[in-house]
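Readers should treat all values here as calculations from the given coordinates under stated rules, not as data from a laboratory. Predicted model, so just to flag it, every value in this text is computed and none were measured. Here Cβ is always computed from backbone atoms with ideal geometry, including for glycine, and neighbour counts include all displayed protein chains.
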Amino acid sequence: MSDPPAYRVPVSPKAPMWLTPEERSANITKELKIAARRFLCPNCGNEFSLFQSRAIACKFCPKANQNCPNVRCPRCDSEYPIEGFIVPNKEDRVHINKYTDTVFDNFDDTYNRR
């Protein structure tokens, strides 16, 4: 039996991950790499990232920036638990949710001023 493709394997932000010198100088973190990593929707086969899910499919959901335990496919609107799909366990799910919530809150504070 062969190993599943990399886009089907959850990744922990605590796991060792190589960051190139260029990535470090651009302030890219392990969390950013995980949130921007492409995943394959088991329902429709669409590739998407956690950022795309939160920005497109979850845009108007009130739970989107409140530590939501799910990720939603932007194409078919199917929803899956983040735990086991993007990250391996609950501790990592909470960690990556806090990270993405902070990114979107900072984006809103920076670009959505009137």
Looking at the chain as a GNM with Cα springs under 10 Å, which of SER78, SER12, SER25 has the largest mean-square fluctuation?
SER25
Taking the Cβ of PRO69 as the center, what net charge do the other residues with Cβ under 11 Å away carry, scoring Lys and Arg +1 and Asp and Glu -1?
+1
Residue of THR29, THR20, THR100 that the Gaussian network model of the chain assigns the largest fluctuation, springs spanning Cα pairs under 10 Å:
THR20
Arrange the following residues from fewest to most other Cβ atoms within 10 Å of their Cβ: CYS41, CYS61.
CYS61, CYS41
What's the tally of Lys pairs in the stretch 24-111 whose alpha-carbon atoms lie under 22 angstrom apart, where the two lysines are 8 or more places apart or on different chains?
9
Once Lys and Arg are counted +1 and Asp and Glu -1 for all other residues with Cβ under 12 Å from that of TYR99, the total becomes +1
Using 0.36 nm per residue of separation minus the Cα-Cα distance, give me the extension gain between ASN89 and ALA36 in nm, one decimal.
17.2 nm
Ordered by fewest other Cβ atoms within 10 Å, a rough proxy for footprinting exposure, VAL9, VAL103 read VAL9, VAL103
Beyond 23 Å, the calculated P(r) of the chain holds a percent of Cα-Cα pairs equal to 29 percent
Scan the chain and hand back the longest stretch that contains none of the chymotrypsin sites (Phe, Trp or Tyr not before Pro) lying in DSSP loops with at most 15 other Cβ atoms within 10 Å.
61-114
